[in-house]
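Engineer: Structure below; questions to follow.
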Amino acid sequence: MRRSIAAGWAWAAALFLTVVPHAGSQETRSAGVDDLARGRVHYVASCARCHGVDGAGGEGPPLDRFTLDRAPDDAALVRIMSQGIPGTGMPGSRWLSEGELRQVALFVRSLAPTRPEDAEVLRGDPSRGRTLFEREGCSRCHTVGGVGTARGPDLTTVGARRGVDHLRQSLLDPGAALPRGLSAMPRDFVDYLVVTVVDADGRRVRGARLNEDSYTIQIKDPRGTVRSFYKPDLRVLEKEFDASLMRSYADRLDETEIEDLVAYLASLTGRRRSCWSPG
Ligand code: HEC
Ligand code: HEC
């Protein structure tokens, strides 16, 4: 449960060696098992770290759905895969050829459940999760539909952008759940980079970095006050790439409450209804 997202690579490699390709829809079968198997190989190498080997999602959204919001047809899917989605954590896979992208598309479509009863059912109750969100004061740092304070990222569509494992881990171990994109450093959340400074008088401030240039750094302290420092005067300037300003809720909420919150967060998709449509 507390598996770090970074461990996903090793996990992906292990599954890649053990999982046997499964036949999907009628269309998938007729396109040939070879293409599907190759699609899986490329998917595991290029996509699984963020979307999960089984497509259940993680740092990226789940792909084991009937309808993908941004990829209604295969042409759109191929375009997204090759160019990425600018301004988000979804990178382009320019190293894959057009033919390889089509194979990946075939594999991605095969991840959709073929029967309603196979679709993932969340254990938690979203309406209880919503109550917890209010009770725990999550909106002191997060906005949903414009309500709240944006000290942390906006969560209005977080359920469409992240998988359930990632959401759960964000609550249990926030520092380990920072999206890393394709680099070793967390990248989506550079806005919330945690820094600690100790000035010439020995005063210590820990907060989120707002801005930094060669000579100065601006930090928002836990009370929300913005402080500016002249870097050459600082005794200590430390950046914590694995830290979060958000506390862990592991010791504060029980398992049922965590699952309820996860179900609520997963329901924040910006979509009107569930995307399930029997096809
Ligand atoms: C570094 C992480 C990462 C990698 C690698 C990655 N993705 Fe994504 N992907 C994301 C994120 C994050 C989003 C959500 C972007 C947003 O809307 O904010 C996303 C979104 C998508 C979407 C849109 C989903 C929807 O509901 O419309 C598709 C489709 C997709 N990715 C497919 C792929 C495929 C196929 C690959 C491999 C070729 C891949 N991605 C590789 C992180 C990644
Ligand atoms: C003190 C401010 C603070 C509070 C309170 C807080 N968070 Fe956060 N949260 C953050 C910050 C900052 C991030 C950005 C990533 C990081 O630093 O962990 C974040 C990240 C997240 C993410 C990951 C978002 C993504 O796009 O991957 C989720 C989900 C989340 N918080 C949910 C919650 C919930 C639910 C609560 C209440 C139980 C809560 N947060 C309380 C500051 C806070």
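Just so it is clear, none of the values below were taken in a lab; they were calculated from the coordinates. Keep in mind the model is a prediction, meaning the values are calculated, not measured. Glycine gets a Cβ as well: all are built from the backbone with ideal geometry, and neighbour counts include every protein chain shown.
Engineer: Report the full-extension gain for the segment residue 236 to residue 131: residue separation times 0.36 nm, less the Cα-Cα distance, to one decimal in nm.
Structural biologist: That works out to 33.7 nm of additional length.
Engineer: Per residue, what volume in Å³ does the convex hull of the Cα atoms of the range 194-240 enclose? Numbers along the way, then the final one.
Structural biologist: Values: hull volume 2.9 nm³, N = 47.
Expressed per residue, the convex hull around the Cα atoms of the range 194-240 is 62 Å³.
Engineer: Say a paramagnetic label sat at a point 7 Å from the Cα of residue 200, along Cα to Cβ; which residues of the range 208-238 have their backbone N under 17 Å from it?
Structural biologist: Residues 215-217, 228-237 fall inside that zone.
Engineer: Please arrange 69, 201, 35 by how many other C-beta atoms lie within 10 Å of their C-beta, fewest to most. List each step's numbers first, then the result.
Structural biologist: Details: 69 13, 201 7, 35 18.
By the 10 Å Cβ count, ascending: 201, 69, 35.
Engineer: In which sequence would 237, 155 go, from the one with the fewest C-beta neighbours within 10 Å to the one with the most?
Structural biologist: Details: 237 15, 155 24.
Going from least to most buried by this count: 237, 155.
Engineer: Listing 90, 246, 81 from the residue with the fewest other Cβ atoms within 10 Å to the one with the most, what is the order? Before the final figure, lay out the partial values.
Structural biologist: Numbers: 90 21, 246 18, 81 25.
By the 10 Å Cβ count, ascending: 246, 90, 81.
Engineer: Show me, for the range 219-227, the HN-Hα J-couplings you get by feeding each phi into the Karplus relation (A = 6.51, B = -1.76, C = 1.60, θ = phi - 60°), rounded to Hz, glycine and proline as x.
Structural biologist: In residue order, the calculated couplings are 10, 9, 7, x, 7, x, 7, 8, 10 Hz.
Engineer: Please give the peptides 60-68, 104-112, 127-135 ranked by average Cβ packing (other Cβ atoms within 10 Å per residue), highest first, as a rough proxy for protection.
Structural biologist: Details: 60-68: 19.6, 104-112: 22.3, 127-135: 15.8.
Taking the mean over residues of other Cβ atoms within 10 Å, the ranking is 104-112, 60-68, 127-135.
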